[in-house]
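Down below is the structure, laid out as structure tokens.
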Amino acid sequence: MRFLTAGESHGKALVAILEGFPKGVKIEESLVNSELKRRMSGPGRGKRMAIESDRVEFLSGLRNKVTLGSPIAMLVKNKDSQINPQGKDRIKEKNIVRPAHADLAGALKYGEKDINNILERASARETAARVCVGSVCKQFLSLFEVRVASYIKQIGSYRSEKAAKDIDFILAKARQSAVGAISEKDEKEMLARVAEAKKEKDTLGGVVEVWAQPVLPGLGSFMHFDRRLDSKIAAYLMSIPAVKGVELGAGFSYAGQKGSQSHDSIHCSVRGSFYRKSNNAGGIDGGVSNGEPIVARVAMKPIATLANPLNSVNLKSKKKGKAPVVRSDTSAVYACSVVAENMLAIAITEAFLDKFGSDSFSEIKRNYISYVRFISKTMG
Ligand code: EPS
């Protein structure tokens, strides 16, 4: 399975093409739309989200809601469409590069003086197309009871003291919170931090924790670097705009612990199934899922555009200037959590199809059932 996206932030539309997705899976457009809506939500979102009302339109790959095994093309129209692919548009040339954006690196790379030609594609709006792909994958995974969910661990300098124990807890708490928080205290503090930053015309980043559960042991591989489930998940999460760090399980804190106290001990239940009492490995050993929940944390930097423009440099004149501000979000950590869930769903679906086949749902189901029987009867 693979996918491509196309589209500029103020182009006509965003497009996603998902290829190699199995035949025979029922896909509900309404579930894709509710994921798109979630991506537009959360505290600190800016004026663009008030303009848009992202909705998917399936162009191909489905018949009567069921996948055909052919490429699935999906379209999300931009209401704030200003770019004219075949003529003159209304966007004014911009030459002052904005710090923490792709502007300068992109302008140098492409020999560009008008930063619109960089920022339009570099915009995080592209993640709406990824959410369409991820939502299709989430619907596939749910047929095997795999659920993917997230919560907000940190906004700005406020970090939650609570930790989720399982995905039911996250779904019960974070899904009920406008902030994606797992406690009332977190929600109150996080809302206050965003309101304060907005008042100060500043921006905030944060940390998102994303889970998939249950995930069968055996997805991914230790045979080669690019088949490892951990490397795939890390790459997919790191590819989300503004993400600067990804951890699996205990992550960076694992490095400071003694092995004797931190490695997940393995046990066998009376019914003969294997389990671990802790999950510092984040559900992956040696690049292969080990049956525990997959747990990853994603660090998002503060939003790059500030309402109080930062000092910068003009690409043409090389003189000092203020970074251009059209509009921006105060925080998009909640949106990041939704995108992270969807990227994790894509990564796990790819590994799932690698293991169980990818032509048709019925074939995958046969292989899946046979494997589940094998690991539960033969192995424990
Ligand atoms: C976004 C749309 C963008 C930004 C934001 C995310 O819309 P506009 O550029 O018209 O304000 O709000 O993108 C960025 C912060 C960025 O740096 O690209 C969206 O749909 O998520």
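The values are calculated or read from the model by the stated rules, or taken from the named source; none is laboratory data. The structure presented is a predicted model; accordingly, all values stated were derived computationally and were not measured. Cβ atoms come from the backbone with ideal geometry, glycine included; neighbour counts cover every protein chain shown. Surface areas here come from the heavy atoms of the whole protein model, side chains and all, with no ligands, DNA or RNA. Shrake-Rupley method; radii C 1.70, N 1.55, O 1.52, S 1.80 Å.
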Explain nothing, just the number: dipole magnitude of region 91-378 about its Cα centre with +1 on each Lys and Arg Cβ and -1 on each Asp and Glu Cβ, in debye rounded to the nearest 20.
660
Compute the helix-to-body angle for 127-142: its Cα long axis versus the longest principal axis of the chain, expressed 0 to 90° and rounded to tens.
10
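Could you work out the local net charge near Y110, counting Lys and Arg as +1, Asp and Glu as -1, over the other residues with Cβ closer than 13 Å to its Cβ? Mind showing how you got there, number by number?
Working: positive: K109, K113, R121; negative: D103, E112, D114, E120.
Cβ neighbours under 13 Å give a net charge of -1.
What does the charge count around S53 come to, taking other residues whose C-beta lies under 10 Å from its C-beta (Lys +1, Arg +1, Asp -1, Glu -1)?
+2
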Beyond 35 Å, what share of the Cα-Cα pairs of the chain remains, rounded to the nearest whole percent?
29
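Roughly speaking, what is the stretch gain from A163 to A50, that is 0.36 nm per residue apart minus the C-alpha to C-alpha distance, in nm to one decimal?
Numbers: separation 113, 0.36 × 113 = 40.68 nm, distance 3.24 nm.
Result for the pair: 37.4 nm of gain on full extension.
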At most 14 other Cβ within 10 Å, DSSP loop - chymotrypsin sites (Phe, Trp or Tyr not before Pro), region 190-256
F222
Using the alpha-carbon atoms, what tilt in degrees (0 to 90, nearest 10) does helix 333-356 show relative to the longest principal axis of the chain?
40
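With every protein chain kept in the model, how would you rank K199, K26, K377 by accessible area, 1.4 Å probe, largest at the top? Walk me through the numbers on the way to the answer.
On the way: K199 180, K26 120, K377 155 Å².
My answer, sorted largest first, is K199, K377, K26.
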Taking the Cα atoms only, what angle lies between the long axis of helix 229-238 and the longest principal axis of the chain, rounded to 10 degrees?
20
Just how far, in whole angstrom, is region 316-358 from region 116-139 if you go by their alpha carbon centroids?
7
Measure off 7 Å from each Cα along the Cα-to-Cβ vector at V372 and S81, then give the distance between these two points in nanometres to one decimal.
4.4
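Net charge within 11 Å of V25 by Cβ-Cβ distance, Lys/Arg positive one each and Asp/Glu negative one each, not counting V25 itself? Working shown, then result.
Details: positive: K23, K26, K65, K365; negative: E28.
Local charge sum for V25: +3.
Hey, what number do you get for the chain at 222 nm if only DSSP H runs of n ≥ 4 count, each worth -39500 (n - 2.57), divided across all residues, to the nearest 500?
Helix-only estimate at 222 nm: -10000 deg cm²/dmol.
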C-alpha center-to-center spacing [region 1-64, region 158-190] in angstrom:
26
Projected onto the charge dipole of the chain (+1 at Lys/Arg Cβ, -1 at Asp/Glu Cβ, origin at the Cα centre), which of S273, S328, F374 gives the Cα projection farthest towards the positive end?
S328
Taking DSSP loops as anything outside H, G, I, E and B, show the longest stretch in the chain free of GluC sites (Glu not before Pro) there with at most 12 other beta carbons within 10 Å.
201-380
I'd like the accessible area for K23, computed on protein heavy atoms only with a 1.4 Å probe and all protein chains in place. Round to 10 Å², please.
110
